[in-house]
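A.B. asks: Would you mind keeping the following structure in view while I ask a few things?
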Amino acid sequence: LQALFNLLIPDHAADAFSPPRLSEPGPWDLLVERLLGGLSRWDAEHFLFIAERGYLYEHNCAFFPLYPLSLRAGAEAALWPLQRLLRLRSRLLLSAALLNSLFSVLAAAALYKLGCAVLRCRRAAFLAAVLFCVSPANVFLAAAYSESMFSCLAFGAMWRLERGQRWLGALLFSLAAGARANGVVNAGFFLYSCAKRFILQLQVRSGSLRTLRPSWKRLLSAASSAVVCAGVFLPFALFQYYAYVRFCVPGADLQRAVPEPLLRLALDKGYRLAGARGVHPPWCSQRFPAVYPYIQDVYWNVGFLRYFELRQIPNFLLALPVTLLSSWAAWTYLMANPRHCLTLGLERRNSEEENKPRAGFCCPAVFVYVVHATALLLFGFFCMHVQVLTRFLGSSSPILYWFSAHLLQEHEPLLWSEGTDHQTTSLRGESPGSRGKGAAANPVLRLLSNWRFITPLSKCVLGFFLSYWLLGLVLHCNFLPWT
C-alpha cells in the first residue's frame, strides 16, 4: 500500500532532514526505492543515515544507537549476497523493512503472552494482539523507525517480569532503553515490584506464623533491584558519554574524512559536525553533559507547554483520539478500583475485595500498566510535540490495546458468544482463534464483516484504529505531516 500511495501521490516538499546521495543508484537500487521508499520518510532518514555514516551531525544523537546498529548488521550480514546488486543505503532500507516486519510480529506475540499473564483471559489477550496488528501507529511500526523494535523488547520484558524472570526482563528493558530514550521509564516496573514485595511482607496478619525474611535477605533483594534499575539506565548514560567524547573532547579532525556534499549540507543547514574545531556546544559545559535534552530543547523546541499555541490546534486534534482513549482507560480503572489505586496497590486484599474480578482489564495486576500509560500520556501531552502521542503510546504501553479490547468485549454483542473479560481462559491447549475460519476465527475481521450491525462504540474504536492505519500510510509515505 505504501508503494502504491507513494506512486500515485507526489511527495510534499517538507523541511526535513534529507542528506545527499553520494553514489549513483543502479537499476536495482531504483527498484528498491520505488517499492520501499515510503518507509524512509521523516525521522527514518536519520536512522538510515546513522546506520550508514554514524553520528556525524549533533542532532543525529536524538536517535539512539541500537536500531541503526541492527540495520547495519542486517545489511552487512544477512544481505551480504546482495552487495554487488545494491548499494549500502538500499540494503539498509531493505534491512529495515525485513527487521520491522519481524519485530512487529514478535511484539504482537509478546503482547498476547503478556495479556494472558496479566488479564488472565486468553480471548481478551488475543483481541488486543490483533488490534496491535492494525495499530493506529502502524506506519511507524513498518517504516525505518525504532518503534517496532522497542515494542518487541518492552512487551517481551514486561512478560518476562510477570513470569518472575527478573534478570531476563531487566536485560530486555535495558536493550529497549538502547533503542528509545523513554525506555528508562520502564525502570519503574522494577522499583514498584520491589516496593510492593517489601511492603506486603510488612503487612503480616496478626496470629500468622509467617515471619519476615532476615534483614540481610531484604537488603540483598533491594541491592539486586538497584542493580537492575541501574542496568536499565546504563544504555542512556553510555550513549551520552559517547556523544560527549565525539563532540566535546578535542581529538582528530574528523572533518577531513567527511565527503564534501555532507560538509556543504552542514554549512547550509547549520548542523554541528563531530570533531569540528572551535567553540564546543553549550551542553558540553554542563555539570552533567547530556546531549539528548539539549537537542530536544534547541533543535525541536520540546519543553513544558511550549506546544500550546493556536497554530498547533490541528496537531492537538490529531492526538485527541488516543488522548481520550487513554484517559478513559485510566478513569475506568480508577472507578473500578478506587481503594486499590489510592493505596497504590500496596495493601493486602480484604474480604470485600476478594469477590471482585481478578481477570480482565479491571483486575489488580493491570494497575502498574495504567500508571505507566498515564505518566507517558501526561508527559507527552504537556512536554512533547503532541501529535506523536499516538505512536508514543502505541509502541510503549499495552493499555491502548487492552482497553480497546475491553470496550469491544463489554459492549459488542457479536463478541459475547466468545466470552468476556470476566471469563478467565479457554480450555487448556485451546487457541483463541481455533474455532472457525476466516472472519469467525478473528474477532476484528468478524466485526468488520458485520459492520452494519455492530454498536456505535465498536465503530468508533475500530474506525480510529483503521483510519489512522490507512491515513498514516497515505500521508507519512509522501512527506505529509502525520503523527
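A.B. asks: What is the residue count in region 91-123 for residues that are more than 12 Å from Pro398 (Cα to Cα) and open to solvent by less than 10 Å² (accessible area, probe 1.4 Å)?
C.D. replies: Total meeting the criteria: 6.
A.B. asks: Same structure, new question: Find the residue count for region 258-274, including only residues that are open to solvent by less than 20 Å² (accessible area, probe 1.4 Å) and without any contact (Cβ under 8 Å) to a residue 40 or more places away in the chain.
C.D. replies: Qualifying residue count, region 258-274: 0.
A.B. asks: So, in region 18-35, how many residues would count as being in a helix (DSSP H, G or I) and over 26 Å from Tyr271 (Cβ atoms)?
C.D. replies: Summing the residues that are in a helix (DSSP H, G or I) and over 26 Å from Tyr271 (Cβ atoms) in region 18-35 gives 7.
A.B. asks: Now for a separate question. If I filter region 26-54 down to residues being hydrophobic (A, V, I, L, M, F, W, C) and surrounded by fewer than 17 Cβ atoms within 10 Å (Cβ to Cβ), which single residue comes out as farthest from Phe140 (Cα to Cα)?
C.D. replies: Trp28
A.B. asks: Filtering region 1-17 down to residues that are in a helix (DSSP H, G or I) and either open to solvent by less than 60 Å² (accessible area, probe 1.4 Å) or at pLDDT 95 or above (or both), which residue is nearest to Phe479 (Cα to Cα)?
C.D. replies: My answer is Asn6.
A.B. asks: Output the number of the condition that Phe189 fails; it satisfies all remaining conditions of (1) in a helix (DSSP H, G or I); (2) at pLDDT 95 or above; (3) closer than 14 Å to Pro398 by Cβ; (4) not charged (D, E, K, R).
C.D. replies: Result: Phe189 fails condition (2) only.
A.B. asks: Same structure, new question: Can you work out which of the residues in region 414-446 that are in a helix (DSSP H, G or I) and in contact with a Phe, Trp or Tyr (Cβ under 9 Å, 6 or more places away or on another chain) is modelled with the lowest pLDDT?
C.D. replies: Leu414
A.B. asks: With the checklist (1) farther than 12 Å from Pro398 by Cα; (2) open to solvent by 10 Å² or more (accessible area, probe 1.4 Å); (3) modelled with pLDDT of 95 or more in hand, flag the one item Cys152 doesn't pass.
C.D. replies: (1)
A.B. asks: Consider Leu238 carefully, then state whether it is assigned to a helix (DSSP H, G or I) and either open to solvent by 50 Å² or more (accessible area, probe 1.4 Å) or modelled with pLDDT under 80 (or both).
C.D. replies: Yes; evaluated as a whole, the condition is true for this residue.
A.B. asks: What residue, among those in region 277-286 that are open to solvent by less than 40 Å² (accessible area, probe 1.4 Å) and either modelled with pLDDT of 90 or more or over 33 Å from the mean Cα position of the chain (by Cα) (or both), is farthest from Phe17 (Cα to Cα)?
C.D. replies: Per the criteria, the residue is Cys284.
A.B. asks: Can you tell me how many residues within region 134-159 are among the polar types (S, T, N, Q) and either outside any helix (DSSP H, G or I) or over 10 Å from the mean Cα position of the chain (by Cα) (or both)?
C.D. replies: The qualifying residues number 3.
The values are calculated or read from the model by the stated rules, or taken from the named source; none is laboratory data. From a predicted model like this one, the values you see are computed outputs, not experimental measurements. Using ideal geometry, Cβ is built from the backbone for each residue, glycine included, and neighbour counts are taken over all protein chains shown. Heavy atoms of the whole protein, side chains included, go into the accessibility calculation; ligands, DNA and RNA do not. Shrake-Rupley method; radii C 1.70, N 1.55, O 1.52, S 1.80 Å.
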